[in-house]
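To keep things clear, I will list the structure first and then write my remarks on it.
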Amino acid sequence: MEDKEKRLREKILGLVREYYAFHAAAGEFVPQRTRIPYGGRVYDGEELAALVDSSLDFWLTLGERGREFSGRLAKYLGRDHCLLVNSGSSANLLAFAALCSPTLDNPIKPGDEVITVAAGFPTTVNPVIQYGCVPVFVDIDPHTLNVDASLLEPALSSKTRAVMIAHMAGNPFEVESVLSFVEKHGLYLVEDNCDALGSRYQGRLTGSFGHLATQSFYASHHITMGSGGAVLTDNPELHRILVSLRDWGRDCFCGPGEDNRCGKRFSGRHGSLPAGFDHKYVYSQLGYNLQPLDLQAAIGLVQMDKLESFIKIRRENHQVLGEAASLVPWLRVQQATPRSEPSWFGLVLTLAGDAPVDRRCVLEYLEEKNIQTRLVFAGNIIRQPAYRGVKYRVAGKLTNTDLVMERTFFIGVYPGIDRARRDYMAVVLSGLKNLSC
């Protein structure tokens, strides 16, 4: 880089940091008047500077920063391969699509069954349906709100091929029991870690257990690129399939700016195409275009530097707010799975059966106090309008899932909740014991 260009860039980035400092100073928390969202982006001048620095290169598609971020995330989670995509939902789609790829030995086929839970986010389940497979729903544990692992064996059939489940709100599911089940029966495990980056089970990070694991970098998640996601695996064949599916289904595996990594660009033979057909335009799968931007990866690299501090704040906020909620005799706080260290996504609360008020009353009260609330995603997903007419199987009853649908909600613990906001939220929560509607 020439000296003048370097000086100009440094001046621009210095002004960006100065702008952030000016902009950030304008904010002030006023109890009851300032909105406290359940989650949101937490950033400073370094993310802004990284974004502008990347934009000055004007490499808009995925490039060097994307490769660096992928490497850092893979190393953090102890995985061999990490593929960046444009969202966590796309990550789930690609993870399951890879298991259905005709290029995979013994792929999952339409009509095969996948065990999952109905108390979760739609995009953990949707890929199963979109690829013509049958979700098999089992109930959850009423305390951890994760899959009840004792129900996996009764849900098994001759058509079962995989388990695809999430760590609920950052709380790890019973990994040991789930892994034992999938290994015993030769099944795949797709581990949705979108809400749980930094969580640990028996000291090991979640997202490191499944044959495939997924991450989301949406604004409310543990780190953000605005949007974005990732699929991780230790299996080189699955990784190769994922790359193809993300990049239009092409057979070529050249990176950005490369033209002939295979050395046979104009000399290969592919299907019934003419001999020597340009390998960069050979498509071996029905794929997508799900690449994120290098601009997003630039933000993600700075966010990775802050991940451990973010996790620490989430845990502290969850502890303080959970203690406040526990003062309300008819509120139940989601319990950590034994032998786990959650990196909490939110404070998940459930009204007891003898609660003197209903959930709507509680939500309206908290919203009036400017504390944003959210339900636990789809509740019981088979009760959602979109799933009318969808083929699925329920193994047993979904009693606890229905309780989540009817009585559960959550509020934020994300790092944007500082001590002043947290103290205010704790007072409001403890005051729920006097609520009447």
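Coordinate-derived values only; no laboratory data. This structure is a prediction, so every number in the text was calculated from the model and none was measured. Ideal geometry is used to build each Cβ from the backbone, glycine not excepted, and the neighbour counts take in all protein chains shown.
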Please label the shape of region 222-273 as rounded, prolate or oblate, based on the square roots a ≥ b ≥ c of the eigenvalues of the alpha-carbon gyration tensor (a/c under 1.5 means rounded; beyond that, a/b larger than b/c means prolate, else oblate). prolate
Beta carbons within 10 angstrom, averaged per residue: use that to sort the peptides 157-167, 75-85, 93-103, 257-267, highest first. 93-103, 157-167, 75-85, 257-267
Aspartates and glutamates whose Cα lies under 17 Å from that of Lys264, excluding same-chain neighbours fewer than 8 positions away: Asp251, Asp278
Residue separation times 0.36 nm, minus the C-alpha to C-alpha distance between Val390 and Glu64: what's the value? 113.2 nm
Note down the nm distance, to one decimal, between modelled labels 7 Å out along Cα→Cβ at Tyr283 and at Arg204. 3.9
Whole-Å semi-axes of the chain's equivalent ellipsoid, largest first, each the root of 5 times a Cα gyration tensor eigenvalue? 38, 32, 16
Mean residue ellipticity (222 nm) of the chain, computed from DSSP H runs ≥ 4 via -39,500 (n - 2.57), nearest 500: -11500 deg cm²/dmol
Quick one: length gained pulling Gln335 to Lys6 fully straight, 0.36 nm per residue minus the C-alpha distance? 113.2 nm
Just for the chain, what percent of DSSP beta bridges are antiparallel, to the closest 5? 55
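In region 1-71, what trypsin sites (Lys or Arg not before Pro) fall in a loop by DSSP, with at most 12 other Cβ atoms inside 10 Å? Write out the running numbers ahead of the final one.
Numbers: sites: Lys4, Lys6, Arg7, Arg9, Lys11, Arg17, Arg33, Arg35, Arg41, Arg65, Arg67; in loops: Arg33, Arg35, Arg41.
Answer by residue number: Arg33, Arg35.
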Placed amide H near Tyr283: partners under 5 Å, 5+ positions off or other chain: Asp251
Once the other residues with Cβ under 14 Å from the Cβ of Leu245 are scored (Lys, Arg +1; Asp, Glu -1), what is the net sum? 0
Please identify the cysteines of the chain that lack any partner cysteine with a Cβ under 4.7 Å from their own Cβ. Cys82, Cys100, Cys133, Cys194, Cys252, Cys254, Cys262
Along the Cα→Cβ direction, 7 angstrom out, place labels at Leu15 and Asn106. What is the inter-label distance in nm? 6.2
So, R0 is 22 Å and r is the distance between the beta-carbons of Ser430 and Leu375; what FRET efficiency does that work out to, to 0.05? 0.50
Would you please put 293-303, 316-326 in order of how densely packed they are, using the mean number of other Cβ atoms within 10 angstrom per residue and starting with the highest? 293-303, 316-326
Only loop residues by DSSP count here, and only those with at most 13 other Cβ atoms within 10 Å; note down the trypsin sites (Lys or Arg not before Pro) in region 287-381 that meet that. Arg339
Among the lysines, select those whose C-alpha is under 28 Å from the C-alpha of Lys6, and discard any that sit fewer than 8 residues away in the same chain. Lys306
If the chain between Glu258 and Ser150 were fully stretched, how many nm would it gain, using 0.36 nm times the residue separation less the Cα-Cα distance? 33.9 nm
